[in-house]
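The values are calculated or read from the model by the stated rules, or taken from the named source; none is laboratory data. Computed from a predicted structure; not experimentally measured. Neighbour counts are summed over all protein chains in view; Cβ atoms, including those assigned to glycine, are modelled from backbone coordinates with ideal geometry. Accessible surface areas use protein heavy atoms only, side chains included; no ligands, DNA or RNA. Shrake-Rupley method; radii C 1.70, N 1.55, O 1.52, S 1.80 Å.
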Amino acid sequence: MGAGMSRPQTFYIETFGCQMNAHDSEKVAGQLVARGYRPAASSDEADLVFLNTCAIRDKAEQKVYSRLGQFKADAQAGKKVVAVLGCMAQLEGEKIFRQVPFVSLVCGSASYRKLPELLVQIEAGQRQVTGLAYDDEPFETEFTRRSNPFRAYITIIEGCDKACAYCVVPFTRGPERSRASDSILAEARQLVEEGTTEIQLLGQNVNSYRDPSRRRLSFAELLAAVGGIPGIRRVRFTTSHPRDFTGEIVQAIDSHPTLCDHVHLPVQSGSTRVLRRMAREYTREDYLEKIALIRSARRAISITTDIIVGFPGETEANFEETLSLLDDVQYDGAFSFKYSPRPNTSALALDGQVPEEEQGRRLVVLQARQREIQLARNQSLVGREFNVVVESRHSKQPQWVGRTTTNRVVNFASSGEERGSTVPVRVTAAGPNSLVGERVQTV
Ligand code: SF4
């Protein structure tokens, strides 16, 4: 904090990356407000700016460094205090101070419980304050400042004990630590009392959930318990790991209508050889067995996934196996990326690095194939009616935006809706990434 600057009063959090980061920002904001800070409308107006960062790919990191540069003048003039939070903070640590000397605080997501004491140091004018130790408790706080009035995130497990060869998460978020089921359920009930109708349970690997309380609820039992809270309408969860995904979860979805009929099950590659090099701990066949489990459900559960192309050693034939897996599984959505070499990951030492250009070609081919599949699957829904939760008014079209339980976006014509309400919509047209519909008038 520059000379002459009194105790910062206002704050602004800029969040990069995943839903876990978005929810961490809500918890950090809650702690700041509880400490007497006021939220600012923009980073320009804020005394204290937090960048809650992502480190999943190199590009994400470069984005943060260039954003930090924009605060240089104000920070050096003592008008602003700049803090770096999240995965890049944990991965880069003190190196950030060398690269960006005007940063005052670097705190990893596994140290957020210490944030209040770190803020005391900042308020006392200290510089280069760090919070980089791995906590053995999940980050729980009674102060969470949520932005969405009807939908809420709840983190049930933090960190990851797996070691996928391309992934920095075990380094950036530390070892797995699950939250006690009674604490999760208490928060969920409180949220429903306050008007929340949809809850999304979060974790790098929710299936690894191990209830530390005496109840020892399994993940499927926890899902069912949250789904059974009176007043809850929808429960979602992300992210699952195929190795730990069980039939119990499918049964829970089948027997609890509030549990959304959508499962996000990252496969990463369709080739057993590449999955072994990735240390994903399952084969193509194991994965397809889990898909068969989900497809055997009474409800038509939507399945989406994550895929990496161009992983070291991936041959053209291996890539073809990934394409054929798309045809076999028929995903409703797939997030796909080129392999990005990350610090501390075992993939760095692997031979057979795939040239950037070839990675790009494979990504284009894969995304085109998946788009065809999505278009055909969405077109098969034309004429059907779905209940959608109204999320917003379309920014450009005279339409409203809603979401089905299968996590599909529907843009629909309507004279007027209320955010958070559930309305029936008939699908009239379909694109690869969303549906178009019309409001069904209920008498
Ligand atoms: S399961 Fe693998 S990819 Fe997922 S967070 Fe853990 S190490 Fe990363």
*So how much slack lies between Leu348 and Asp182, counting 0.36 nm per residue of separation and subtracting their Cα-Cα distance, in nm?*
55.6 nm
*His394 to Ala34: FRET efficiency via 1/(1 + (r/R0)^6), r the Cβ-Cβ distance, R0 56 Å, to the nearest 0.05?*
0.95
*Over the chain, what percent of the accessible surface lies on carbon and sulfur atoms, probe 1.4 Å?*
50
*For the chain, just give the cysteines left without a disulfide-compatible partner, judged by no other Cys Cβ under 4.7 Å.*
Cys18, Cys54, Cys87, Cys107, Cys160, Cys260
*Euclidean distance of C-alpha centroids, region 110-148 and region 152-210, integer Å*: 18
_Quick check: residue separation of Asp306 and Leu132 times 0.36 nm, minus the Cα distance between them. What number comes out in nm?_
59.8 nm
*In whole percent, what relative contact order does the chain give with Cα contacts below 8 Å and a gap of six or more residues?*
10
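With each run of n ≥ 4 DSSP H residues scored as -39500 (n - 2.57), what mean residue ellipticity at 222 nm is computed for the chain after dividing by its residue count and rounding to the nearest 500 deg cm²/dmol? Walk me through the intermediate numbers first.
On the way: 14 runs with 144 residues, N = 443.
Calculated at 222 nm, the ellipticity per residue is -9500 deg cm²/dmol.
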*asked:* Using a 7 Å offset from Cα along Cα-Cβ at Gln62, what residues in region 310-351 end up with backbone N under 13 Å from the label point?
replied: 340-341
_Segments 55-68, 101-114 sorted - mean Cβ within 10 Å per residue, highest first_ = 101-114, 55-68
*Report the full-extension gain for the segment Ala124 to Glu357: residue separation times 0.36 nm, less the Cα-Cα distance, to one decimal in nm.*
78.8 nm
_Cα-based shape type of region 385-439, given that a ≥ b ≥ c are square roots of the gyration tensor eigenvalues and the cut on a/c is 1.5_ = rounded
*asked:* Once each part is reduced to its C-alpha centroid, what is the distance from region 312-374 to region 220-238 in angstrom?
replied: 34
*Once the chain is represented by equal point scatterers at the alpha-carbon sites, with solvent omitted, what log10 I(q)/I(0) does the Debye formula produce at q = 0.06, 0.10, 0.13 Å⁻¹?*
-0.27, -0.79, -1.31
*Distance (nanometres) between label positions extended 7 Å along Cα→Cβ at Ser42 and Gln441*: 4.4
*Model label zone, Ala77; criterion: amide N under 17 Å from point 7 Å along Cα-to-beta-carbon; scope region 25-56*: 43-49
_Please give the charge dipole size of the chain, origin at the Cα centre, charges +1 on K and R Cβ atoms and -1 on D and E Cβ atoms. Round to the nearest 20 debye._
600
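Pull out a ≥ b ≥ c, the square roots of the eigenvalues of the alpha-carbon gyration tensor of region 153-257, then state rounded if a/c is under 1.5, prolate if not and a/b is larger than b/c, and oblate in the remaining case.
prolate
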*State whether region 249-394 is rounded, prolate or oblate according to the following rule on the C-alpha gyration tensor (a ≥ b ≥ c being the square roots of its eigenvalues): a/c under 1.5 gives rounded; otherwise a/b larger than b/c gives prolate, and the remaining case gives oblate.*
prolate
*region 185-276, dipole about Cα centre (Lys/Arg Cβ +1, Asp/Glu Cβ -1), debye to the nearest 20*: 400
